[in-house]
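This report refers to the structure that appears directly beneath it.
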């Protein structure tokens, strides 16, 4: 009986540790450590820098109805003519970044330039800084080698352009589209956003070169030293407009200066001379552009006129009238077959005038129609196939007309 009562007492006994623990004396309590954010470190230089670029691999000798081995376009694709095979048309690497709230830098090198008979030669394309003069970044100065704000297609990146090469009429104003100079750009925030979206949405925009641009530059074209001490002066206005879901852009530009032409005797001994003793010849143009962005049907047209260095019939080089331009129609089909876009296009171009940056500034007569289709499979890769009917002046004396039909293919990588 006693053992049963003892066992019952053990089963009903509640030990002390089953009770609520006694509070810890204040003297022994551990104070809470307040949560604090880690100290913010100043960004390193490499945190401010970004890399991007693109590569274009081309083949220009696909079978066509009229292959002319003597047809050349040194201002455009050097892989045209001569039975050439695959070629890297462009291999661009861009280093860029905001190194200060008021300063950004941009450096672009092309690793596929052609110098004389050497291919894949690295050359500097852009090397400049933007200096923001206002806190909202609406007004900036761009100093260094960069694109000159003249025209629309000249400013449009070859990464975004539909036709394989730029039109001769506008591009004859600025070889490689660039020069060393200082330019002021004014772009209020709403317009900056529009310029940016027209490129980001694959609508073939030109990028932000200001609603208003004004500047001066050496005038002898990119990677060339000034030789006459006379700056070219340029001004441009281009306004992107949105009406409902549609976007369009209207613009105009002009420049003036003096260009010093290089002369060279022909193989048969023919001598060429400039009409002015110092070789400096008037070089001035005016331009107008209209772009109806492809949503889904687009139209792009651009023309310029003026006077510039040109070889005359008497073998002298002087200021002569010039005129030319192009018109292009395109249709943008979004997300076909689960890909990004397909854009068929047709462009016709013409130009009558001199090529000032070629030896002796030969007189060119150009008529060309190109039709093609760009298929952007993913953001990082796109394929373009195009056929062109071309009639253009040859680049070598006696500067004869050459006709050709070109079927070309391009594979582009964006990174």
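Only the coordinates and a few stated rules stand behind these numbers; no lab work does. Keep in mind it's a predicted model, so treat the numbers as computed, not measured. Because the Cβ atoms are built from the backbone with ideal geometry, glycine has one as well, and the counts that use them run over all protein chains shown.
Observations
- Extending 7 Å from Cα along the Cβ direction at residue 346 and again at residue 378 yields two label points whose distance is 3.4 nm.
- Each label was represented as a point 7 Å from its Cα along the Cα-to-Cβ direction; for residue 51 and residue 143 these points are 2.9 nm apart.
- FRET efficiency for residue 68 and residue 116, using Cβ-Cβ distance with R0 set to 25 Å, rounded to 0.05: 0.60
- Label sites at residue 327 and residue 403, each approximated as a point 7 angstrom past Cα along Cα to Cβ, lie 2.3 nm apart.
- For the pair residue 224 and residue 286, a Förster radius of 25 Å applied to the C-beta separation gives a FRET efficiency near 0.55, rounded to the nearest 0.05.
- Taking packing as the residue-averaged number of other Cβ atoms within 10 angstrom, the listed peptides 297-303, 262-268, 130-136 run from highest to lowest as 297-303, 130-136, 262-268.
- Prolate/oblate/rounded call for segment 262-365, Cα gyration tensor, a/c under 1.5 rounded: prolate
- Paramagnetic reach from residue 262 (point 7 Å along Cα→Cβ, amide N under 16 Å) across segment 205-243: 219-228
- Angle in degrees between helix 189-200 and the longest Cα principal axis of the chain, rounded to the nearest 10: 80
- Once the Cβ-Cβ distance of residue 313 and residue 411 is raised to the sixth power relative to R0 = 45 Å, the FRET efficiency obtained is 0.55.
- Working note: 222 nm ellipticity from helices only, DSSP H runs with n ≥ 4, each -39,500 (n - 2.57), summed and divided by the residues of the chain, gives -2000 deg cm²/dmol to the nearest 500.
- On Cα atoms only, tilt of 2-12 relative to the major axis of the chain in degrees: 30
- Shape category assigned to segment 50-414 from the gyration tensor of Cα positions, a/c cut at 1.5: oblate
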